[in-house]
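What follows is a set of notes on a single structure, which appears directly below.
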Amino acid sequence: MPLWLAISTVIGILIGTFYGNQYAGNKLMNVIQAGSNKLSSLMYYLGDKYVDDVDMNDLVEKAIPHILSELDPHSAYISAKDAEMADDDLHGSFSGIGIEFIIRDDTLHVQRIIPGGPAEDAGVLAGDKIVRVDDKAFTGDTITNEIAMHSLKGPQGTQVKIGVMRYGEKDVREFTITRDEILTKSVTATYMINDDTGYIKLRNFGDNAYPEILVALARLSQAGFENLIIDLRGNTGGYVGSAVQIANEFLPANKMIVYMEGRKVKREEMTSDGHGSYQYIPLVVLIDEGSASASEILAGAIQDNDRGTIIGRRSFGKGLVQEPVNFTDGSMMRLTIARYYTPSGRCIQKPYDEYEEDLLLRYERGEFFSSDSIKHNGPEYYTTNGRVVYGGGGITPDVFVGEDTTGITSYYKEAVMSGLLMQYCFEYTDKYRPQLSEMETEEQLETYLKRQNLVEKFAQYADRKDLKRRNLMIHKSHTLLERFIIARIIYNLMDEESLLEFQNQSDPVVKEALRLFKAGAAFPQKTK
């Protein structure tokens, strides 16, 4: 009798589950069909009875993003014309001519030539202005970054004809350039910041982020590094897999890195395998409000496992996982299907209603300047050593370093926000490029520029551009103005690594990391 009762119970459960799923599935289909019928009816009446002709395809293209925007801030629709380039930055390469550009005064200026690329081979120089593309004028207020990229990028092996104006020349130079594969880097800087500390700047978590990190670590190993700084500031994320691989290099075996879970996605845990080559090196990770998604996965794994110290300001707060869905016309959708959770169990996704004004609210609360102003939306969680951490709004650093407001004046703010400082830096670089290019290192260029009275020259330039001179404010902001100008000129002439080497000399966040290493305090201690 007990055996028959057990069998009857199991059969009852199976039958109930089957019909329950059937009912739930039918109910969902009924809802979908009802919605589809309503949308179909709407489209029919618009096409059949609306007072004017309607481009139905264009209407659908505009409607889909609005529908997805009702779900969450990261579910998104990407049109066919944009889909091909949507992930170029993460794939490690794209097909183009190999330039970095900036649009100033309705004209595309070549800011930097990518070494070994088609533009360099053709003879294009940094500072050239592209004024024609495929025999058509390419200037005016209609020229945008998007239009420029669509015009200059294209299938590998295809050609594009550009006309450039070069400084000191009156005639337009013509170049026919064959597009080729252009490599993009996730690691944009690797160098020894002092005798025993290595520094790596990770711009994103693209396809090649992990192998690039391994190469960077090998270079630092050859230089004899004993401490490591990984800079994730401004890193908006990328592929979760890359973040997991990088975290694995620093964690002992069987440590949780991240797990994902959603309404239709079963819990999936990712743990370390113990094969990482840098499990015991003192480690500091730098974050700020621009560090998001995969950056927060890496920072959260290091923090929750008490593997290193997180320094900076509270991160962005994106804890959602998107799945790409491709449509037959080449367009695509990124649909949020799950949330990810750090090893302690916290989801660091901030509330949706805070997205548009979150950074402004942080500024108004004083959070960029004081850790006491940080607002925690989520409950308390605990690291391996028992330290309290919070979810619901980004990764809060272990050591807070606020923005340095010393020297900031309304004159400095207006010079930056108006774009005048950037414009002056580019024009100065363009004008004196031959002389500046004689400097072989960042140190030589910095020494030379400090003798050029750049702040005074900028003040005169800005005054001609309707930014009224304020001598007392200029004096107070002199150091900030000079460092900004020198930094941008270094970048215009060299690369991001040279820029960061210069900026890190006076960066308070980097200085705090070096202080921590010197004190032997990079590994978080257990709470008492």
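Among the residues of region 26-41, at least one is surrounded by 10 or more Cβ atoms within 10 Å (Cβ to Cβ), assigned to a helix (DSSP H, G or I) and at pLDDT 80 or above. Within region 226-255, the only residue that satisfies the criterion of being surrounded by fewer than 23 Cβ atoms within 10 Å (Cβ to Cβ) and aromatic (Phe, Trp, Tyr) is Tyr239. Residue check: is Tyr382 touching an Asp or Glu at 6+ places or on another chain (Cβ under 8 Å) and either open to solvent by 30 Å² or more (accessible area, probe 1.4 Å) or more than 23 Å from Gly345 (Cα to Cα) (or both)? The answer is no for Tyr382. The residue of region 407-429 that is most open to solvent (accessible area, probe 1.4 Å), among those that are in a loop (DSSP other than H, G, I, E, B) and over 17 Å from Asp105 (Cα atoms), is Ile408. Does Asp372 satisfy the criteria of being surrounded by 17 or more Cβ atoms within 10 Å (Cβ to Cβ) and among the acidic types (Asp, Glu)? So Asp372 fails the test.
No other residue among Leu445, Leu499 is over 25 Å from Asp404 (Cα atoms), open to solvent by less than 40 Å² (accessible area, probe 1.4 Å) and out of contact with any strand residue (DSSP E or B) (no Cβ under 7 Å at 6 or more places or on another chain) apart from Leu445.
Contact annotation: residue pairs with Cβ atoms under 8 Å, 6 or more positions apart or on different chains, pairing a residue in region 452-468 that is free of Cβ contacts under 8 Å to residues at least 60 places away in the same chain and of a type in the set (A, V, I, L, M) with a partner that is open to solvent by 20 Å² or more (accessible area, probe 1.4 Å) and part of a loop (DSSP other than H, G, I, E, B), are Ala459/Arg469; Ala462/Arg469; Leu467/Ser418.
Answer yes if at least one residue in region 271-278 is part of a helix (DSSP H, G or I) and either touching a residue at least 40 places away in the same chain (Cβ under 8 Å) or open to solvent by 40 Å² or more (accessible area, probe 1.4 Å) (or both), and no otherwise. There is no residue in region 271-278 that is part of a helix (DSSP H, G or I) and either touching a residue at least 40 places away in the same chain (Cβ under 8 Å) or open to solvent by 40 Å² or more (accessible area, probe 1.4 Å) (or both).
Can we say Leu514 is among the hydrophobic types (A, V, I, L, M, F, W, C) and modelled with pLDDT under 95? In short, no.
For region 214-224, the tally of residues that are touching a residue at least 24 places away in the same chain (Cβ under 8 Å), open to solvent by 20 Å² or more (accessible area, probe 1.4 Å) and of a type outside the set (Val, Ile, Thr) stands at 4.
I'd like to check something: does region 471-481 contain any residue that is open to solvent by 50 Å² or more (accessible area, probe 1.4 Å) and not in a helix (DSSP H, G or I)? No, that holds for no residue. Against the test of being within 30 Å of Pro65 (Cβ to Cβ), surrounded by 13 or more Cβ atoms within 10 Å (Cβ to Cβ) and aromatic (Phe, Trp, Tyr), the options Phe316, Phe400 yield a single qualifying residue, Phe316. Residues that are within 25 Å of Thr384 (Cβ to Cβ), hydroxyl-bearing (Ser, Thr, Tyr) and assigned to a loop (DSSP other than H, G, I, E, B) are absent from region 257-270 altogether.
The values are calculated or read from the model by the stated rules, or taken from the named source; none is laboratory data. This one's a predicted model, so the numbers in the text were calculated from it and none came from an experiment. Here the Cβ is made from the backbone with ideal geometry for all residues, glycine too, and neighbour counts use every protein chain on show. With ligands, DNA and RNA removed, areas are computed over all heavy atoms of the protein, side chains included. Shrake-Rupley method; radii C 1.70, N 1.55, O 1.52, S 1.80 Å.
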